[in-house]
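Heads up, the thing below is written out as structure tokens.
Every number in this text was worked out from the coordinates using simple rules, so none of it is lab data. From a predicted model like this one, the values you see are computed outputs, not experimental measurements. Cβ sites come from the backbone with ideal geometry, for glycine too, and all protein chains shown count toward neighbours.
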Amino acid sequence: MKKFCLSLFFILLIKFFYSQQLFTLRLVPSSLTSAPAVHSGAFGTYNNKWFFIGGRKNGLHGFQPPFAFPTNNINNTIYIVDPVTDQSWSASASSLPDNIREPITSSNMEFYLNDSMLYMVGGYGWKDSLQDFITWPTLTAVNMNSLMNAVINAQPIDSLFRQISDSALAICGAHLQKLDSTYYLVFGHRFDGTYDRTDSSGIFTQTYSNEIRKFQIADDGNNLSTYNHTAVRDTNNFRRRDYNLLPLYDPYRGDGFLAFSGVFQKHVNLPYLTPIEIYKDTVIVRNDFNQNLSQYHSAVCALYDSGIYLQHNIFFGGMSMYYMDTLTHQTVYDSFVPFVRTISDVARDIDLTFHEIDAGIRMPALLGTNAYFFYDLNVPLFRNHFVHLNLLPHHQRLGYIVGGIESPELNISVTDPSLSFASTRVFEVYLDTIATAIQEVNNDVLNFICYPNPSSDKVEIGFELKKTEQVKVELLDMKGSLVKEVCNQSYNAGKQKLLLNISDYSKGVYNCVITVNGNRKSIRLQKD
């Protein structure tokens, strides 16, 4: 099989000339064949080997039963992979008692590897005794040293798992992380019942946590419990699931987490665009920045330059409400949040300013959604969480992209989700050399939306400005001809709303384009 190489060029220009960051990334198809085709489960590295627990073996979930989450695609196998020797081992979870097996084979559970102990929380899965799906109210612990040895040596695994129940842990689509001795269960939702997008009869219940739930775990190897439960609540900004959570280090505030995007906003069925900084004693919603190019859980890699306190967060593929048109270089909006091939970098500098950079090249297919990123065993780390840019040689493998969902089309959720599948591809990600510059994604206009979309009558156009700007909003047909100039005037900083009546226009697709400082964003608007 002929290998290909994708070169990714970045330059980040910030205030000081000595603060330029330039590096090249390459994606190379790996020769590894032992990684499983799974996604949306618990994963990690222990004793130089990868592990995969739970998740699913099919592609994007369907939207009506029985195709939403078919039980025959639950991943009931525990996989261990050695990326050095390309060996793999597996053990069936079917021998475990139902109360253990069902939660650890669920989808979108939260998990954290604390030294050798893996803690798994929540997850959406099938409960056989109810003949229905629930979000599991459980905390399950397993010693990975013992589990890996048992799986590799084909020994029983039944006695290795311990579990407690706690309704506060009934969460899926969130993340479990740790600062000092405190665990953080960040955002997510509780979903009980069979998923049906068209349901109006109450066959399921969904409750977003709207919280960062904090607790501690007492575990002596036999007895397991949680204590010191507290929570930070925000019903406007924390109503998120299926997002990306990365480590954060700020030289002033210390260690924390960065929450990126997620779904869905409180009053509109669209993703969040604003990141959230989470520290031990404070939470900061960064309304001054929009992440345009990635809004769903994907393969991600965090890098840090400790010399100038600059953090890079690299997003590989996934799903996004915006993507860059390769011909016009405009930011294109799609409210269906399609699968994308985008590779992007959101960097945070010493001045606490965010910058989003489009790589200019793409994933080789519509890949990356719910995929796993494993750091190379030899990569130098900063504070145990970041690739340490200052210590990298000129050529270094950063890690591997494994599994996830692969789709043949952008909007598979609108056509036929069953055409997507769990990817068998593995890619090696390399960082190489200093590179030439590309343009930073413009962030002058925030939260640009047209709602409702589609519409047959009136459309509300919303946007937000950081400062007073001259704004032009136009409605164009698909040939690029002007249909209506909605506005062309100066607006003050802050949120703005315009009302557009399209009732007299012909049915079809239009482009609503906003222009500020010569930079354009475009929304495809459907007239029904």
Given Cβ charges of +1 for Lys and Arg and -1 for Asp and Glu, the option among L169, T194, T207 whose Cα lies farthest towards the positive end of the dipole of the stretch 154-217 is L169
Simple label model, 7 Å out from Cα along Cβ direction - K507 to S116, nm:
6.7 nm
Would you pull out the residues with amide H under 5 Å of F111's amide H, same chain only if 5 or more places away, H placed 1.01 Å from N?
V121, L176
Please give the Cα centre distance for the stretch 128-166 versus the stretch 240-254, rounded to the nearest Å.
29 Å
Tell me the relative contact order for the stretch 183-275 as a rounded percent, counting alpha carbon contacts under 8 Å between residues six or more apart.
21 percent
Please give the length that would be gained between T415 and N99 if that part of the chain were fully extended, namely 0.36 nm times their separation in residues minus their C-alpha to C-alpha distance (nm, one decimal).
110.1 nm
Quick one: net charge of L377's neighbours, Cβ under 11 Å, K/R +1, D/E -1?
0
Please find the FRET efficiency linking Q131 to N488, where r is the Cβ-Cβ separation and R0 is fixed at 56 Å, and quote it to the nearest 0.05.
0.40
With charges only on Cβ, +1 for K and R and -1 for D and E, what is the dipole size of the chain about its Cα centre, in debye, rounded to 20?
580 debye
Find the all-direction average of the projected area of the Cα convex hull for the chain, expressing the result in square nanometres with one decimal place.
24.9 nm²
Size of the dipole of the stretch 29-241 about the Cα centre, Lys and Arg at +1 and Asp and Glu at -1 on the beta carbon, nothing else charged, in debye to 20?
440 debye
Cα-based Lys pair tally, the stretch 29-241, threshold under 23 Å, eight or more apart or on separate chains
4
Report the chymotrypsin sites (Phe, Trp or Tyr not before Pro) located in the stretch 467-528 that are in a DSSP loop and have at most 11 other Cβ atoms inside 10 Å of their Cβ, or state none.
none
Sort out for me the Cα centre separation of the stretch 75-98 from the stretch 471-503, rounded to whole Å.
55 Å
If the cut-off is a Cα-Cα distance under 30 Å, which lysines reach K527, setting aside same-chain residues fewer than 8 apart in sequence?
K266, K458, K472, K479, K484, K495, K497, K507
Tell me the mean residue ellipticity at 222 nm calculated for the chain from its helices only (DSSP H runs of n ≥ 4, each -39500 (n - 2.57), averaged over every residue, nearest 500).
-1000 deg cm²/dmol
State, as an integer percentage, the relative contact order of the stretch 105-197 based on alpha-carbon contacts under 8 Å between residues 6 or more apart.
30 percent
Using alpha carbon centers only, the stretch 374-422 is separated from the stretch 217-236 by a whole-angstrom value of 30 Å
